[in-house]
Amino acid sequence: MLLAGIDVGGTFTDLVLFEAETGRIAVTKVPTTANQADGVLHALSRLEVLPGQLALMAHGTTVATNTIVQRRGAKVALLATKGFRDVLEVGQTRRRVPNTMFDPTFRRPEPLAPRPLCLEVTERMRHSGAVHAAVEPGEIEELAAKLRAAQVESVAICFLHAYANDAHERQVGDVLARCLPQVFITRSAEVVPEHREYERCSTTVLNAYVSPVLARYLERLSDTLVAEDFSGPLYTMSSSGGTMTVEQASKLGVKTILSGPVGGVQATIFQASAARIPNVISYDMGGTSTDVALIHELTPALSTDNLVESYPVRTPQVDINSVGAGGGSIAWLDEANALNVGPLSAGAMPGPACYDRGGAEPTVTDANLLLGRLSADRPLAGRVQLRPQLAEAALTRLAHRMGDIPVFHLADGIVKLAVARMATATRAISVQRGYDPRDFTLVAFGGAGPMHACALASELNIPRVLVPPSPGNFSALGLLTSDVKHDYVRTRLALQRDLAPGEIERLFREIEERARAELASEGFTGQRVRLQRSLDLRYHGQAWEVSLPVAAPVPEGADLRASFDARYASIYGHHGELHEEVQLVRLRLSAYGVIDKPTLSRIAPNGTPAPLDERQVYFDGAWHTCPVYDREALGFGARFAGPGIVDEFGATTVLPPGWEALVDELGNLLLGPG
Amino acid sequence: MVDVDPITLELVLEGMIAVVREVRAYFWRASYSVTIYEGQDYSCALLDGNGLLVAKASEDHVLHTFPVTYTTRLIKEQYAGRIAPGDIFIHNDPYTGGTHLNDIAFIRPVFLDDTLAFFVCVRAHSEDVGGMSPGSLSGNATEIYQEGVRIPLVKLVDAGRLNDVALELLLANVRLPHRTRGDFRAQIGASELGERKVHALAAKYGRDTVLACSERLLQRSEARMRQAISAIPDGSYEYEFHLENSGGSPEPVRCRVSLIVSDDTLTVDFTGSSPFARGPTNTGPAMAPMMVFTCLKSLLDRGGLINTGAMAPVTVKLPDPCYLNAKRPTACGGMAEATFSVSTAMLGALASMLPERAVGDLKGAGNNYYIGGKDLTGEPFIFYEYPAGGTGGFNGGDGNSGCRHFLEGDFGSIQPVEVLENEFPVFMEHSILRVDSGGPGTFRGGLGLERRVMVPIEDATLSYITDKITIPPFGVVGGGSGGPNAFGVVRDGAESDPAPVPGKVTGYRLQPGDVVFSRSAGGGGYGDPLEREPQAVLRDVLYGYVSERGARDDYGVVLRDGAVAEDATRETRARLRSSRREVVLVHTDRPTDIRGRHVCYVGPQTIVALGIRPGDAIEISHYEGAPLRLWVEEGDVHPEEVAIDDRAFKVLRAQPGDRRFVQRPRRAAS
């Protein structure tokens, strides 16, 4: 049985193929094509596999994100409660774009539903769920005519207090669905039934904006595969660390915004679990950016306080911190002649100067090439022949503008600055959240991750680095290790003392019934269903909630209070006083449809690695003669001391002086200070 | 000093910011007050051994961190020779560099070997510091004793030994001693962490290198600011702004500023500003320089680091007495209004200094309003907002509508409707952008926001503090004013401002069913509105930002069947242009400072023609800066003339005999 994980990025399409019977894994990388389905077929043919042979395909896609970044989404109308159409534009009066204080020329990004298409509906719910003003049926048909005339492709309905009672949203949605059968309609209570109207509205409008585009893409991909005899399920990675069916993803496109990056986190969890290392930080460094995420006890931190392009997204997402530092990041001088690295990237075109594709600005990759960390002989990803003289010329020009500082010193500085920026991003998800990096292992992957991992680990006192096999294609592995996941949420604002005994349990059972039905319709029943409950709670008077995972049956009374106090204290260092009442805000359920996971194969022992080659590598002001190892030839138990280089297809691992490397039986490189 | 290479400099800078971020995160986690862990009303900073601000994180407020330099200077003066490792100083006294009493700074000197190398500062807004009302701030305060405990510079920890007497004395005078104690403990812990991290930084890069880097970073900001100033022609640029009243007295509070450029230095002189205000709209000596810094940074050198090196070429002169240089026992709780008066005056003066970089004026006031009472279960509640307005138009773009502006941190200033209706017994009727409230201009100001809250319960009270009600935010370079702030009550269908002096009310008793309205000001426009692209005006109308009437009257754009009527627009624009009232400016020797107001003299015919009354304000145009607003006194002046004093000529950069337009400051329709 063959399973395929496909990560469709902006530049490359990565394929991981897993053969269940043998545990064999095969990987390849092809350029992403305009019709992304073509690239997928191309990648399969590269590994000589026909779609008809696949039992399952899971893919990560950047369609939703690119749609937002490039503002190429559907033409969206918003239907809002009368008197509140500006909720979207005003956005709680915040700017939401970093570093905009001191900037009188800042212009807030335009809402994705333009104001003339933000229409008001006569209706009003109360926070209790009671109807304050009913919908006037005739008005909706008039609105439908208006929307038709405006050639709207997608409609977001977001009414005040719909999390408490969505009857009006349903009523209006039903009329519109009847009047406008070709138009995509999404309701806030379906997307994210939580209070705080701006965040819910923003999430719903984003969903209206991206879903039709994602649906068209998935339909095309699915049709193409079916035409080639593929008959298994096609899953799409969601932002919250599970997969979705085509049908789900087409309706809830907003949940795929992190579809690409989450694959790497899922792969990290899988690899860390197999290596029995429960606390890890995933570190994915590519050409333009670096993604880091903290995984404690094999569980990634989730966040509902997310922004995409300054628009809030309240659906849960794996808490990935992204920073504009990658191999292609450009080194430049600002007005005060201060050296900066990134966030501007040379990307794949023109690429770093050494690619010889017309790029003239020095990048992190050029610096690494000059320092001997990248091989000048071995083509990058098997194809791009690097030209050190072009890298040197670009760096020399910059060094000249800095008062002719030594060019190798500059190259070393560029790499150090990139590492410093990644360290800042990593501190934000570890130290600043109360975790000590010394308790974690850094799992490094992506084209550039293994090259900078030891430097980053040193910066943060992280004692160990794990470089998985095939780090360049590692993210795609995560697609094969993720279960189907649905996230449910139900808002119930009430003080703990006002809840009826058994009420929370009853509400959870209602949600679970719905979850089981949905999973059953997707083919998951019995042992293949896994449910995980949590409560959002706070002390009365606070603005924000803390999520508390709970088992079934849900604890009540003093037990619930004690669990919440403990959870709160673990985050804030202290808990509320006895007189501070606990307030329930909402119930959450994650429902998983469990799939069969790959089993990683063990590699053969070979404790005495023989260097393939050696080259001169610059570390901290001096050149060192470094043995160069071939990753393929390293067996279980291989052990060697730094300085050293490990070359393989798609990545280079740099082991600085004073570090040691060990290969485990899964083929992971484990690196630590000697 | 050791030589620092440019790469090490950047790495040490990143390291210093990392120190500040870790201190921030520690304090946030360990604090006990909701204002801190929910409201993030706190800041941390790293200062050098001379007490200059070197590094802060982007989340740290300049309003909190800039004034710390006054405190560190005080430490060095008062404790010269008696500063030791393990000391912690605390301070909140506005008169010697504090903000308002609620903001308490904890400052720890950090020694590298024997050198006093840095100070780590954690400044946080305490929920209550005592005084006459819960939360300590009150619009009715007339003396600082009513606003809580004043902490002069106190060494709370002496070489590691806590001064229990000082601590208990303080805690005995606040309403939430448990939380305050918890916050203090967190501030002490955070400053210790900061010290350890600075030591680690020095161990990694070497003491001398870190010290040299700190100096270089300050020099870099200084060099950038000097370069920016030297690009400006030498001369004096002036402006003035009046807070409409103060503490129950209808007399305005004047902020008068002169920016004097000489080569690469700048003197910011507040001579001519009002003496102490009777109410709380006073600030200590740190706040006007703080706002000067923020405005200069924004208009002269937006990029680069935020550190006080940029202030080296700038001298700020505060007169004495002055509401910006408060002395015992004036109240200082209205710091926001006092500080924003400085920003308005600064933006006006900067507009004539750099017309191409000018930006329309902002809402000004803090706009705080409170509805308090008891909910249905008898529990007391306070509903509190401070709605943002529109931001100013600028050369190249329109302002933002209902948005925090560039001199403020990025916080939500209104509550989610779904939160407030769950938490408080109130009902939000609507929350909409105010049509036509953006100052007209080639580039339009952003729109203000209108909210209407119905209060169904008995015995609720309303308080608010706002300003710019009668004199709206100005436009620049020929742009029009934004709609003014307006707060009040709708009762039986009629609107009123129940305040004894406009915009300031404390504890007004509401009747069940009263609707409280808040209207925040729109931003001022940039450039002549008759020059705005007609297509942009059409879009504004389609988007509902401008009414069809506004398009015709303010922009001279006539629309027909959803399109611009070209001929009618041309004619309307020509007619509007020729109907502007142009006058000749003449000099007057008569008194021009009457009851705190800066006045001009106008003939009776002109008063009639402008549709105003004596005592109203008029606006005299300044197409290469900001218009001047003066109060009108009737005088024996030729109908074609307006008589103004020397100061007014300076603000307008005009000579007697020059011709300018006059008009009433525009009021928004809704």
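About its Cα centre, the protein assembly as shown has a charge dipole of approximately 420 debye under the convention of +1 per Lys or Arg Cβ and -1 per Asp or Glu Cβ, with nothing else charged. When the alpha carbon gyration tensor of the range A:44-149 is reduced to an equivalent ellipsoid, the three semi-axes, largest first, read 38, 26, 15 Å.
Among A:F636, B:F27, B:F474, B:F241, the order by Cβ neighbours within 10 angstrom, fewest to most, reads A:F636, B:F27, B:F241, B:F474. With contributions of -39500 (n - 2.57) from each DSSP H run of at least four residues, the per-residue ellipticity at 222 nm computed over chain B stands at -9000 deg cm²/dmol. In this Cβ point-charge picture (+1 for Lys and Arg, -1 for Asp and Glu), the range A:613-673 has a dipole of about 140 debye about its Cα centre. Distance between the pseudo-spin-label points of B:A231 and A:A133 (7 Å out from Cα toward the beta carbon): 5.2 nm.
In this Cβ point-charge picture (+1 for Lys and Arg, -1 for Asp and Glu), chain A has a dipole of about 720 debye about its Cα centre. Look at A:F640, B:F406 and count the other Cβ atoms within 10 Å of each Cβ; fewest to most, that gives A:F640, B:F406. With respect to chain A, whose longest principal axis is taken over its alpha-carbon atoms, helix A:557-572 is tilted by about 40°. If you look at the Cα atoms of the range A:576-674, you get an Rg and a Dmax of 22.7, 70 Å.
Spacing of the modelled spin labels on A:Q53 and A:R438, each 7 Å from Cα toward Cβ, amounts to 5.1 nm. For the residues of B:393-399, the average number of beta carbons from a partner chain within 10 Å of their own beta carbon is 3.
Taking every residue in A:411-424 and counting other chain Cβ atoms within 10 Å of its Cβ, the average works out to 3. Of all aspartates and glutamates in the structure, those lying under 18 Å Cα to Cα from B:K650, and not within fewer than 8 positions of it along the same chain, are B:D234, B:E238, B:E240, B:D269, B:D589, B:D593, B:E619, B:E624, B:E641, B:D658. Give me the angle, in degrees from 0 to 90, between the Cα long axis of helix A:36-46 and the longest principal axis of the Cα atoms of chain A, rounded to the nearest 10. Taking the Cα atoms of chain A, the angle to A:36-46 is about 40 degrees. Ranking A:H574, A:P116, A:P598 by how far each Cα lies toward the positive end of the dipole of chain A (charges on Cβ) leaves A:P116 at the top. Once the dipole of the range A:613-673 is set up with Lys and Arg at +1 and Asp and Glu at -1 on Cβ about the Cα centre, which of A:F636, A:V663, A:P673 lies farthest towards its positive end? Among A:F636, A:V663, A:P673, the one farthest towards the positive end of the dipole of the range A:613-673 is A:P673. At q = 0.06, 0.09, 0.11 Å⁻¹, what is the base-10 log of I(q)/I(0) for chain A according to the Debye formula with one equal point scatterer per Cα and no solvent? Please give it to two decimals. Summing over Cα pairs of chain A leads to -0.37, -0.82, -1.19. Listed by chain and number, the lysines whose C-alpha is less than 25 Å from the C-alpha of B:K204, apart from same-chain residues fewer than 8 away, are A:K416, B:K56.
Excluding same-chain neighbours fewer than eight residues apart, the lysines reachable from A:K251 by a Cα-Cα span under 23 Å are A:K75, A:K485.
Per-residue mean of foreign Cβ neighbours for A:530-542 is 1 (Cβ atoms of other chains, 10 Å radius). If you take all other residues with their beta carbon under 12 Å from the beta carbon of B:C322, and give Lys and Arg +1 and Asp and Glu -1, the sum is +2. Note on chain A: helix-only mean residue ellipticity at 222 nm, from DSSP H runs of 4+ residues weighted -39500 (n - 2.57) and normalised by residue number, equals -9500 deg cm²/dmol. Each residue in A:V210, B:V419 was given a count of other beta-carbon atoms within 10 angstrom of its own, and listing them fewest first yields B:V419, A:V210.
Working ranking of peptides B:353-361, B:84-92 by packing, defined as the average number of other Cβ atoms within 10 Å per residue, highest first, is B:353-361, B:84-92. Ranking A:T62, B:S258, B:V586 by how far each Cα lies toward the positive end of the dipole of the protein assembly as shown (charges on Cβ) leaves B:V586 at the top. Mind checking the angle between helix A:503-521 and chain A's longest principal axis? C-alpha axes, 0 to 90 degrees, to the nearest 10. Relative to chain A, helix A:503-521 is tipped by roughly 70 degrees.
Values in this text are rule-based calculations from the coordinates and carry no lab data. All of these numbers come straight from a predicted model, not from anything done at the bench. No Cβ is skipped: glycine too gets one built from the backbone with ideal geometry, and neighbour counts run over all protein chains shown.
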